[in-house]
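The structure appears right after this line, and notes come after that.
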Amino acid sequence: MLVNKLNVIFVFLALATSARAAEPIDVGARLEPIVDNYLIERLDGATLRLHPPTPREIVLKFDRPWEGLYCGYFTVLKDGDQYRMYYRGLPEAKHALDTEVTCYAESDDGIHWTKPNLGLFEVRGTKQNNVVLARHPACHNFAPFLDTNPDAPADQRYKALGGQSSFRDPSDGGLIAFVSPDGIRWKQLRKEPVVTRDKSDKRYVFDSQNVSFWSEREGCYVCYFRLWADGNRVRWIARTTSKDFVNWTRSVVLTLDDKPRQHLYTSQLVPYVRAPHVYLGLPTRFMQGRRALSDKQIAALGTPKQYVKDCTDITLVSTRGGDELKRTFLEAYLRPGPDPYNWTSRASYAAHGILQTGPEELSLYVLHHCGYPTAHVRRYTLRLDGFASVNAPFAGGEMTTKPLLFAGKALKINFATSAAGSIRVEIQDAEGRPIPGFALEDCPEIIGDQIERTVSWKQGLDLSALAGRPVRLRFVLKDADIFAFQFRSADFAGHQQ
């Protein structure tokens with residue numbers, strides 16, 4: 001009798017767990033880039049594929065006396081029609097108040113950058129420079145953002161965090177808050193650091209680039225900062241939140257997502273410009289003790305002695321808040337490549353920020369050759385939403401989503417096929433049964449390469465009768481990629497019969 005009762009309990013728990021797992025995800029009318037498996041129930045013959053960016057021109061070199069070989073911790077952002085870039089100037093390998101400054105550059109197109117003479121601080125004997133902060137501990141890693149909080153005061157449109165643990169006392173220090181009306185003239189929000197740690201906890205060191213932003217999804221400010229994990233042996237990421245940018249919650253350490261811990265020197269997490277409910281990051285992965293170059297090569301390059309033992313690359317991560325960190329791809333998003341100057345320690349860092357620089361183009365910015373006289377920032381590009389995709393070979397494959405709730409009247413996809421390839425879409429009910437009129441055989445083959453294409457079925461485009469009902473999407477692909485999808489309102493632009 002007891003065994004039967006236990007069996008009944010186990011069945012009930014299993015059914016309850018299944019029911020919870022099948023609860024539909026409300027995607028509303030949001031764009032959903034495919035950067036992880038968050039919305040994917042099943043892949044059959046298809047895989048998630050990473051799409052590395054394309055290298056473009058060098059956009060910035062460091063030829064000013066206050067910049068130097070060790071410029072770093074870059075932030076790029078866009079305010080209206082103007083692009084802005086912030087970075088640390090460090091002409092010698094010495095972290096001190098008299099050497100570190102925060103520099104500024106600007107651009108009208110994200111490609112051609114200038115360094116304006118701002119006249120704000122005297123540095124190296126002149127005020128004719130592009131320095132926005134000097135002789136302050138926050139210059140080490142000053143990380144600004146444009147505040148999209150609708151309640152932000154006009155004189156605080158820009159905010160920033162910067163600072164670190166004291167060099168003399170690692171238990172001291174923290175992140176200091178700054179505000180600005182224009183991104184040029186900054187003032188400290190209060191004297192004391194706003195993000196601190198328990199002095200008995202030596203994991204929290206606050207060096208590296210600690211990034212923050214206003215989260216529309218979570219309705220608060222979010223800060224991602226570096227700490228030590230696994231007994232102070234591995235560089236990792238923690239986060240904290242705030243409603244007012246002054247009072248911050250107790251920090252949480254991001255999860256391991258069932259993958260091995262690796263040194264992540266930065267997080268660079270930022271709300272994706274086209275889908276701000278998804279945070280994308282381009283952390284520098286630090287491979288400690290992994291050496292690629294011979295002594296002869298290192299001597300020929302003139303590698304700084306502190307940079308000879310390690311190497312780095314750049315990865316792609318994602319999260320939708322909380323303590324989540326999805327490292328869907330352990331493969332590098334950006335490899336060091338054939339250039340030997342990128343195969344030494346701390347050689348490459350992605351800037352914080354992913355910007356749209358054209359109707360169908362995103363731009364990333366990466367510091368290369370750190371520690372060498374040839375140090376520079378290079379721009380990289382990719383198609384809109386083109387970080388990753390669901391890909392199927394010529395033999396074909398499928399992706400089926402988890403149950404979804406949507407708002408809108410049409411389904412749009414960002415996709416690419418070969419001339420011989422194709423995509424078809426079936427809409428199913430929550431149990432996986434094709435909905436009459438939206439079955440696979442009702443969907444004409446889709447071929448081509450478009451950022452935005454409206455999917456149609458024999459009976460038309462309008463999905464308004466299905467809005468608010470749990471549905472699944474089944475994509476059947478042949479030599480094709482799906483980068484993103486979105487349910488939209490009555491706008492049927494981008495449709496092609």
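If I go through the range 248-277 residue by residue, how many of them are among the small types (G, A, S), modelled with pLDDT of 95 or more and farther than 18 Å from V76 by Cβ?
Final tally of qualifying residues: 1.
Checking the condition at pLDDT 90 or above, among the aromatic types (F, W, Y) and over 19 Å from the mean Cα position of the chain (by Cα), which residue from Y221, Y158, Y204 passes?
Y158
Does any residue of the range 370-379 turn out to be in contact with a His (Cβ under 6 Å, 6 or more places away or on another chain) and of a type in the set (A, V, I, L, M, F, W, C)?
yes
Can we say S267 is polar (S, T, N, Q), assigned by TED's automatic domain parsing to the domain that holds N342, surrounded by 18 or more Cβ atoms within 10 Å (Cβ to Cβ) and under 30 Å from R383 (Cα atoms)?
Values: polar (S, T, N, Q): yes; assigned by TED's automatic domain parsing to the domain that holds N342: yes; surrounded by 18 or more Cβ atoms within 10 Å (Cβ to Cβ): yes; under 30 Å from R383 (Cα atoms): yes.
The answer is yes for S267.
I need a count of the residues in the range 230-255 that are outside any strand (DSSP E or B), polar (S, T, N, Q) and surrounded by 12 or more Cβ atoms within 10 Å (Cβ to Cβ).
Qualifying residue count, the range 230-255: 3.
Scan the range 302-316 residue by residue and report those that are aliphatic (A, V, I, L, M) and buried (at least 19 other Cβ atoms within 10 Å of the Cβ).
Across the range 302-316, the qualifying residues are I314, L316.
Filter the strands (runs of 3 or more DSSP E) completely within the range 298-407 down to those with at least 2 residues that are closer than 20 Å to T284 by Cα and in contact (Cβ under 8 Å) with a residue 24 or more places away in the chain. Outline the logic, then answer.
Working: elements: 311-314, 317-319, 355-358, 361-368, 376-383, 388-392, 397-401, 404-406.
Of the strands (runs of 3 or more DSSP E) lying wholly inside the range 298-407, those with at least 2 residues that are closer than 20 Å to T284 by Cα and in contact (Cβ under 8 Å) with a residue 24 or more places away in the chain span 311-314, 317-319, 361-368, 376-383.
Can you run down the residue pairs with Cβ atoms below 7 Å, 6 or more apart or on separate chains, where the first is in the range 87-106 and of a type in the set (V, I, T) and the partner is modelled with pLDDT under 95 and surrounded by fewer than 16 Cβ atoms within 10 Å (Cβ to Cβ)?
Cβ pairs passing all conditions: T99/E92.
Condition check ((1) buried (at least 19 other Cβ atoms within 10 Å of the Cβ); (2) β-branched (V, I, T); (3) within 29 Å of P276 (Cβ to Cβ)) across all residues:
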site	(1), (2), (3)
K402	yes, no, yes
G408	yes, no, yes
D429	no, no, no
I435	no, yes, no
Q450	no, no, yes
D462	no, no, yes
A467	no, no, yes
A484	yes, no, yes
R488	yes, no, yes
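The values are calculated or read from the model by the stated rules, or taken from the named source; none is laboratory data. The structure displayed is predicted, hence computed values, not measured ones. Don't worry about glycine lacking a Cβ; one is built from the backbone with ideal geometry, like all the others, and counts go over all protein chains shown.
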